[in-house]
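*Asks:* Let me give you the structure first, and then I'll get to my questions.
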Amino acid sequence: MARVNRASQSVEITTGKRGRPARPPSPRNCAIYERIRLEGEHHEKVAADYAMSRQCVADIVARVESWLAAHPAHRLAQKMRVRCGKRWEKLWTWAIDSFDRSRQNRELKKERTARRAAGQPETVVTEQTVREQNGDPRYLNIAWRVAVREDRLWMPGEPDGRPPQNTEAALQAGELPPAVAGAGGLERLPVAGASRFGYLPAGLCDLAHLACGLGGDCGPVSTLFERRCAEAFRCLGFEVRELGQGCGRTADCLAVAAAERFAVIIDAKVRRRGYTLGTDDRQFCEYATRHTRELAQSGVERVYFAVIGRGFRQADLDKLAGFMTGTPIRSVVFVEVEALMRLIDDSIRRRREFRLAEIDQLLFGNKILEG
């Protein structure tokens, strides 16, 4: 039986002819893309299974990736983006956790026998040495490669991913595919943080969606958003103590800059239609009084109170700042998630010259940090 050269048949047409809309990739090409990108298989093995060349497999992967980036509203693109996002988020988390473990100090213990004069018993002396570790940069390289890979899925001109206020109107206008809207409203939208912020870690690209109450696939959205905010301040260089649920009446986390002698009390708020202060002012004052007293014992002189969320109002800021007048808080800051994402992106881009003292100056004064 004659062999058929499949090189010319392997790549789906992704650009329409004569104005026709581009066709989505075939199930076979999607399977090849998932085996290469999600399962991490080698090109040679996949090429052997489909009786094609390695270059042909690489072309298919590139075409599928380009089609996903060019068709954000298609159902197939939505599905594959979610699958790829979950996979890359796990890889990014694993790489960052491994890097943190490689930074931990190593304790070395040595035992030696001390000789004594004749007639006296020998003494065993234990020597303990602590070696400081700078961390293995190979894990950061993996995290960077994951972020770059995820960034290729998003078009540079996409919006920031903030959901519209009226879901039904957006569906009727064709702005959102029907698969995006579930029984309880919006379930998940494409995360465009990777396209807007080129240096933002992949695990933080969904901050804007989580702040709106979207994307709680791995548990409650509020808990996931708190963890993301804590991770965000770790990326800035703070030492973060996660408190949150299960720790009594406490803030969500504390971000401490011990060398600069200042700290940030952080409370993350998930709101679909924007944040309203309501009765949180008394609770925030209690957080401020309790945590500033604890931080003062550690030598922290300046303490800020930050609320992370979206849709803040100046009237709420003025009201909360008035309640905080009698507390040791230096200033109150409302931080939009887009502003936090931009700050992290800028800090990583300028990692060599970036200093936490810039955050100290930025947080001074009651204000709303907008993206």
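All of the numbers you see were taken from the coordinates with simple rules; none came from a lab. All of these numbers come straight from a predicted model, not from anything done at the bench. All Cβ positions, glycine included, derive from the backbone under ideal geometry; neighbour counts span all protein chains shown.
*Asks:* Restrict the search to segment 301-371; then list the GluC sites (Glu not before Pro) that DSSP places in a loop and that have at most 13 other Cβ atoms within 10 Å of their Cβ. Walk me through the numbers on the way to the answer.
*Replies:* Numbers: sites: GLU301, GLU336, GLU338, GLU353, GLU358, GLU370; in loops: GLU301, GLU353, GLU370.
Sites meeting the loop and neighbour criteria: GLU301, GLU353, GLU370.
*Asks:* To continue, here is another question. Please report, largest first and rounded to whole Å, the three semi-axes of the ellipsoid equivalent to segment 193-369, where each semi-axis is the square root of five times an eigenvalue of the C-alpha gyration tensor.
*Replies:* For segment 193-369, the ellipsoid semi-axes come out as 23, 20, 15 Å.
*Asks:* Same structure again: Give me the one-decimal Kirkwood hydrodynamic radius in Å for segment 292-361, with the sum taken over alpha-carbon pairs.
*Replies:* On the way: mean 1/r = 0.0715 Å⁻¹.
Every distinct Cα pair counted, the radius reaches 14.0 Å.
*Asks:* Set the bar at 28 Å for Cα to Cα. Now go through LYS90/LYS110; LYS86/LYS367; LYS79/LYS367; LYS45/LYS79; LYS86/LYS319 and name every pair that lies beyond it.
*Replies:* Values: LYS90/LYS110 39 Å; LYS86/LYS367 35 Å; LYS79/LYS367 39 Å; LYS45/LYS79 25 Å; LYS86/LYS319 40 Å.
In this structure, LYS90/LYS110; LYS86/LYS367; LYS79/LYS367; LYS86/LYS319 lie more than 28 Å apart at Cα.
*Asks:* Now, a different point. Enumerate the calculated ³J(HN,Hα) couplings along segment 275-282 in order (Karplus 6.51 cos²θ - 1.76 cosθ + 1.60, θ = phi - 60°), each rounded to whole Hz, writing x wherever the residue is Gly or Pro.
*Replies:* Running phi through 6.51 cos²θ - 1.76 cosθ + 1.60 with θ = phi - 60° gives 8, 10, 4, x, 9, 6, 4, 5 Hz.
*Asks:* Of ARG81, ARG272, ARG227, how do they rank once you tally other Cβ atoms within 10 Å and put the fewest first?
*Replies:* Neighbour counts put them in this order, fewest first: ARG272, ARG227, ARG81.
*Asks:* Taking the Cα centre of segment 193-369 as the origin, how large is its charge dipole in debye, to the nearest 20, when only Lys and Arg (+1) and Asp and Glu (-1) carry charge on their Cβ atoms?
*Replies:* Numbers: 26 positive and 23 negative charges, 36 e Å.
So the dipole magnitude of segment 193-369 works out to roughly 180 debye.
*Asks:* State, in angstrom, two size descriptors of segment 324-371 derived from its alpha carbons: Rg to one decimal place and Dmax to the nearest whole number.
*Replies:* Calculated on Cα positions, Rg and Dmax stand at 12.3, 39 Å.
*Asks:* Between GLU370 and ARG103, 0.36 nm times their residue separation minus their Cα-Cα distance comes to what? Show your work: numbers first, answer last.
*Replies:* On the way: separation 267, 0.36 × 267 = 96.12 nm, distance 3.36 nm.
Going from the current span to full extension adds 92.8 nm.
*Asks:* OK, next. Just report the Cα centroid separation between segment 31-99 and segment 265-302, whole Å.
*Replies:* Using only Cα atoms, the two centres lie 42 Å from each other.
*Asks:* Can you list, bin by bin at 10 Å, the percent of alpha carbon pairs in segment 45-90, starting at 0?
*Replies:* Taking every Cα pair in segment 45-90, the percentages come to 25, 39, 34, 2.
*Asks:* So for each of 202-213, 313-324 I average, over its residues, the number of other beta carbons within 10 Å; can you give me the resulting order with the highest mean first? Could the numbers behind the result be given before it?
*Replies:* Details: 202-213: 24.7, 313-324: 15.4.
Sorting 202-213, 313-324 by mean packing, highest first, produces 202-213, 313-324.
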